[in-house]
């Protein structure tokens, strides 16, 4: 599927005096688009990033910045997450430090013996895939998290989990990439040649030319695919995050209840919530995670906030007296099998997809960017990309 | 109004300033059951803030123009069947169905023992007023530098001043009112510093001529200021406040017509307080959270877009007063009455009294024209950013400097307030960008074609902070009446604050949380 | 001509009472907010920011949260909204006011 790209020839295209010509156009200035730009540029390609909104204006700006392996069972997504974890850690150009990167680890807690057994089973399977997880007995939980509620059955500590501030991560990756960034510029058409191959994109401020277009449009990835004559069933899954007043560090890890994993994998359209609680370097505690399929409706759901607050205060009773100062909604771009689409479009030569990461885009961005860069330059991808093949879905009627 | 406690109100009015009171009175007199909610214990809103009863002010009129007219309006409210729900901080409004709304509020003392109340209503009138617009300058976080409207509010309600020698600065018609009341209350006001000229009014002679009340009001402030020998300095701004633990002096600098400080014109004025503000901004967050359309006013604020009967773009939601554009209390009163009549007509399915509606609409249109003229005359010029140093704090809550914001704009590609917020935290703190929003939007737009302060389009899904314990104790959506055994505080079932004066028995669909 | 706000408004308040600010006695009038009582005593700062700067009431109407005070041990209360009560102890709030919760 990975097509060899004639980048030697592309690199001879004069760039310095024509800002509308590049080796690759990345559509989407979120974290995934930024990572694609970053790794493509490091591979020697000239990159233009275009977005109809601002930097980090979509899912990225509404995310918590999770870099998680703890919530993923063995399989292709976990492989992607493990690679990303390493890439985040090793990233250069000062990006992690400027993005509030914190390798703080995750703590998954179980409220009952049954849930604890399920966690053990899950962690054992993860261990075979390279995930480190330490069982924490009930009476040791508060050594890890002094404010945790009493009465929990135990938990697992995942030292590989980390966090970044997602908007900063996207902006810093973009800046480090050196890509030309055109925000506030909507792609209205994908330009194609006589053979249907991609030639660039059309925006209200003019045409941009490149032999490759990367679809990193997140929730709008389906729309962009359609513009190009392709098809990708990306749909939005709404989530709310509650943000507290500034606090000292009261939560050290990313702490969540074991049922989160089941919610992430669920196909239900109905509202699901599971408490995910974490502190931030800036002070506020962030509380997720809700999931529901309601299109792009941004209206505040008091029910979602109630459940988030209930879950968080059940885990950390001291939060009951702490005030939420804001809440925000975001839309996760998801695909039916909950795996992202990374790779060449099966029908449109020159079009690559890098979207549909659902709620894991911040974490999965570097590995996605690296894969895209390798595909663009004809190099070997860092892992098996077949499970992410954008052609795996039956074409829409 | 016979209305059982389990029934929704016909109308919930949010805000007990002139617009809200007029709306509640009109709707109630037209036969609707009305709940009038306000964060304060008292009616009057910000404009008619007045001392608490225990301060026993015999001359409240000395603090206000038009006090008798307000007292009459308040008298009609007291005589009406409307339930005045005091000390209700509304944090959100949700739509349950086409004609069913829930107003979610907190009652109780701020930050200690708040409890939730839910008011259900068939229609909602948003009369949430305005807040002050602020433009930062070096030293503006020093103690003793206070908002102009804030100084006035503290004077009107608490009978206190922030200092003895108070410079009043900024822009807009409020400044003269603030300076004259501070001076009347015993402060020495060495200068009123206005960034615009008053000549701007002369470009709108028609709007002035048809609003003689405004001229009289300005003349009254003017005569007070003359009596106290207050110097008005136009086309000037306070470009720095000096001091270490509190303000000791300010630098006043001349401005060109774009509000750019003119180099070499700064001079120091000693003072122990500075009251500063740059006009008012409609408070629209509850409305925009529900999807109401907005419009841009001549001075660059965002106001709700309303039709001839005060309807927002969302059916079932009306608005009146400053939410639709800042225009003063007389306009607010007219719009409130118009909205109250329109809601009653809609809910009762019969036309509103045509003659009265036509008269109100005429008055409203005349006063709106005047408000637009005033707004245009005081619209901040783009040059004000010239007085910001890189270490000037722009966001007071998160202590984000102008340099930091500029770096996000020039280095990281932020072009709008929301992106600046995401990249710098400016506007992410306790006040949710209410103080810095206008300035951040302006800095973010630097280099774009915008000639004035761009509208602030921040979303604030929580209009006030809400304790997580309170959120957690909300009733479940699927079964709204079901008790939450561990969460319900029995004393919250009938909050004292929901009982109307006169003890007419339990009122208010204040659902136990 | 009035020399004080109370004279201007013709106020004849109910008997004053005492509160404390960092241990110092401050006289408050019934009906005043904590912020008003502190202003009345010439106190203009009762909080330090996380960066250390002194702050207190700015907007005066509950919007700016600069007047957050620790009152009787409870942090982050808007002093411009909270009515003064006899015996209230206001203490200068440092930063987020939640220092003891840190782990």
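The values are calculated or read from the model by the stated rules, or taken from the named source; none is laboratory data. Computed from a prediction, not measured in an experiment: that's the story for all the values here. Cβ sites come from the backbone with ideal geometry, for glycine too, and all protein chains shown count toward neighbours.
Quick rundown of the values:
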{"item": "Matching residues in the range B:51-68 - criterion: being outside any helix (DSSP H, G or I) and surrounded by 20 or more Cβ atoms within 10 Å (Cβ to Cβ)", "result": "B:51, B:52, B:57, B:64"}
{"item": "In the range B:262-271, residue nearest to residue B:299 (Cα to Cα) [restricted to those that are in contact with a strand residue (DSSP E or B) (Cβ under 7 Å, 6 or more places away or on another chain) and surrounded by fewer than 21 Cβ atoms within 10 Å (Cβ to Cβ)]", "result": "B:262"}
{"item": "From A:167, A:179, residue being crowded, with 24+ Cβ neighbours inside 10 Å, within 14 Å of another protein chain (Cβ to nearest Cβ) and over 21 Å from residue A:376 (Cβ atoms)", "result": "A:167"}
{"item": "Matching residues, the range C:56-94, being free of Cβ contacts under 8 Å to residues at least 40 places away in the same chain, touching a helix residue (DSSP H, G or I) at 6+ places or on another chain (Cβ under 8 Å) and more than 7 Å from chain B (Cβ to nearest Cβ)", "result": "C:67, C:69, C:71"}
{"item": "Residue in the range C:71-81 that is buried (at least 22 other Cβ atoms within 10 Å of the Cβ), farther than 28 Å from residue B:393 by Cα and more than 10 Å from the chain's Cα centre (by Cα) present", "result": "no"}
{"item": "Residues that are closer than 20 Å to residue A:239 by Cα and at the interface with chain B (Cβ under 7 Å from one of its Cβ atoms), drawn from the range A:303-322", "result": "A:303, A:305, A:306, A:309, A:310, A:312, A:313"}
{"item": "Residues of the range A:164-188 that turn out to be part of a loop (DSSP other than H, G, I, E, B) and under 18 Å from residue B:417 (Cβ atoms), as a count", "result": "3"}
{"item": "Among (1) crowded, with 24+ Cβ neighbours inside 10 Å; (2) touching a strand residue (DSSP E or B) at 6+ places or on another chain (Cβ under 9 Å); (3) within 22 Å of residue A:55 (Cβ to Cβ) - the single one residue B:444 does not satisfy", "result": "(2)"}
{"item": "Given (1) at the interface with another protein chain (Cβ under 7 Å from one of its Cβ atoms); (2) modelled with pLDDT of 95 or more; (3) surrounded by fewer than 17 Cβ atoms within 10 Å (Cβ to Cβ), index of the condition residue C:20 fails", "result": "(1)"}
{"item": "Sole exception among (1) surrounded by fewer than 24 Cβ atoms within 10 Å (Cβ to Cβ); (2) modelled with pLDDT of 90 or more; (3) at the interface with another protein chain (Cβ under 7 Å from one of its Cβ atoms) for residue B:463, by number", "result": "(3)"}
{"item": "Filter pass, residue A:118 being in a helix (DSSP H, G or I) and closer than 30 Å to residue A:330 by Cβ", "result": "yes"}
{"item": "Residue match in the range B:100-112 (condition: within 14 Å of chain C (Cβ to nearest Cβ), at pLDDT 95 or above and not in a strand (DSSP E or B))", "result": "no"}
{"item": "Residue C:41 being without any contact (Cβ under 8 Å) to a residue 24 or more places away in the chain and facing chain B (nearest Cβ under 8 Å)", "result": "no"}
{"item": "Residue count for the range B:10-19, restricted to those that are touching a helix residue (DSSP H, G or I) at 6+ places or on another chain (Cβ under 6 Å) and farther than 16 Å from residue B:309 by Cβ", "result": "2"}
{"item": "Candidate set: the range B:172-191, residues that are away from chain C (no Cβ under 14 Å) and farther than 23 Å from residue B:48 by Cβ; chosen: the one surrounded by the most Cβ atoms within 10 Å (Cβ to Cβ)", "result": "B:191"}
{"item": "Scan of the range A:284-320 for residues that are part of a loop (DSSP other than H, G, I, E, B) and at pLDDT 95 or above, ordered by number", "result": "A:284, A:316"}
{"item": "Identity of the residue in the range A:271-295, farther than 23 Å from residue A:317 by Cα, more than 9 Å from chain B (Cβ to nearest Cβ) and touching a helix residue (DSSP H, G or I) at 6+ places or on another chain (Cβ under 8 Å), that ends up surrounded by the fewest Cβ atoms within 10 Å (Cβ to Cβ)", "result": "A:292"}
{"item": "Whichever residue in the range A:133-147 is touching a strand residue (DSSP E or B) at 6+ places or on another chain (Cβ under 7 Å) and part of a loop (DSSP other than H, G, I, E, B) and, among such residues, is nearest to the other protein chains (Cβ to nearest Cβ)", "result": "A:145"}
